[in-house]
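The values are calculated or read from the model by the stated rules, or taken from the named source; none is laboratory data. These numbers were taken from a predicted model, which means no experiment stands behind them. Methodologically, a virtual Cβ is constructed for each residue, glycine included, from the backbone with ideal geometry; neighbour enumeration extends over all protein chains shown. To get the accessible areas, we keep the full protein, side chains included, count just its heavy atoms, and leave off ligands, DNA and RNA. Shrake-Rupley method; radii C 1.70, N 1.55, O 1.52, S 1.80 Å.
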Amino acid sequence: MPPVDEQARLAALRRYRILDTDPEQAFDDLTMLASQICGTPMALITLIDEDRQWFKSEFGVGIRETERSIAFCTHAITQPGILEVPDAREDDRFRHNPMVVGEPHIRFYAGAPLVTPDGYALGTLCVVDTKPRRLTNEQARALEALRRQAQWLLELRHHLFELGTALTARDRAEAEQSALVAQLRASLEKVDKLSALI
């Protein structure tokens, strides 16, 4: 993958207006399915912000964010396809990570990047286990399918927000137009009255 323009990536993330929003059932369904299909106790939909990793959905984790500096997903968004870490204790990138050496004692991680149509990876759909392991081919294909669904949900949510904004702007413009027409009519009536007096 070519080097990512991090400022452009963060700007793309901001455009989706999803950070710090309430949980949504559609996203929670995907993490639950990912956990079930991959046989892991934890699954997340993560978004990588400037200094933190925020969870739009979490299954089996119990927190809503971590520091970006310790996020496995920071690595996953820099490559195409699934980043799979069979045993974090044997991976130089993660062996000293506080989530590996301490709670929740992560051993296995698999993260599929969530990529916008213009090519920016905003975060991941990932599964996590406290035991070393690998995804089967079927599980990897299913995780990719769920990733596509998560991307579709992000796009749908983004388009609905833009549509709502456009409708609000249209309603405001129509109200302003109606007010202007009313003012013109009132002015015309004054002119008619003035003409009649003259």
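Residues in the stretch 1-16 that are touching a residue at least 12 places away in the same chain (Cβ under 8 Å) and either open to solvent by 70 Å² or more (accessible area, probe 1.4 Å) or over 16 Å from the mean Cα position of the chain (by Cα) (or both): MET1, VAL4, ARG15. Across the stretch 111-136, the number of residues qualifying as aliphatic (A, V, I, L, M) and touching a Cys at 6+ places or on another chain (Cβ under 6 Å) comes to 1. Here is the figure for the stretch 108-137: residues that are in contact with a Pro (Cβ under 7 Å, 6 or more places away or on another chain) and closer than 23 Å to ASP28 by Cα total 5. Within the set GLU155, GLU144, GLU58, the sole residue that is under 13 Å from THR31 (Cα atoms) and in a helix (DSSP H, G or I) turns out to be GLU144. In the stretch 150-165, which residue that is touching a strand residue (DSSP E or B) at 6+ places or on another chain (Cβ under 8 Å) and hydrophobic (A, V, I, L, M, F, W, C) is surrounded by the fewest Cβ atoms within 10 Å (Cβ to Cβ)? If we take residues in the stretch 150-165 being touching a strand residue (DSSP E or B) at 6+ places or on another chain (Cβ under 8 Å) and hydrophobic (A, V, I, L, M, F, W, C), then LEU154 is surrounded by the fewest Cβ atoms within 10 Å (Cβ to Cβ).
Starting from residues that are in contact (Cβ under 8 Å) with a residue 40 or more places away in the chain and part of a helix (DSSP H, G or I), keep the ones in the stretch 112-141 and report whichever is surrounded by the most Cβ atoms within 10 Å (Cβ to Cβ). First the steps, then the outcome.
Looking only at the stretch 112-141, we keep the residues that are in contact (Cβ under 8 Å) with a residue 40 or more places away in the chain, and these are 114, 116, 118, 120-130, 132-135, 139-140.
Next, only the ones that are part of a helix (DSSP H, G or I) stay: 139-140.
Numbers: GLN139: 19, ALA140: 17.
Among residues in the stretch 112-141 that are in contact (Cβ under 8 Å) with a residue 40 or more places away in the chain and part of a helix (DSSP H, G or I), the one surrounded by the most Cβ atoms within 10 Å (Cβ to Cβ) is GLN139.
Only one of the numbered conditions (1) among the charged types (D, E, K, R); (2) surrounded by fewer than 14 Cβ atoms within 10 Å (Cβ to Cβ); (3) under 19 Å from the mean Cα position of the chain (by Cα) is not met by ARG147, and that is (2). If you check THR40, THR31 for being within 14 Å of CYS126 (Cβ to Cβ), in a loop (DSSP other than H, G, I, E, B) and either touching an Asp or Glu at 6+ places or on another chain (Cβ under 7 Å) or open to solvent by 70 Å² or more (accessible area, probe 1.4 Å) (or both), only one passes: THR40.
Restricting the stretch 89-111 to residues that are of a type in the set (Val, Ile, Thr) and either closer than 23 Å to ALA150 by Cα or assigned to a helix (DSSP H, G or I) (or both) leaves a set whose member that is most open to solvent (accessible area, probe 1.4 Å) is VAL101. The set of residues in the stretch 48-88 that are open to solvent by less than 60 Å² (accessible area, probe 1.4 Å) and hydroxyl-bearing (Ser, Thr, Tyr) comprises SER57, THR66, THR74.
Selection over the stretch 17-28 of residues that are in contact with a Leu (Cβ under 7 Å, 6 or more places away or on another chain) and surrounded by fewer than 19 Cβ atoms within 10 Å (Cβ to Cβ) gives a count of 2.
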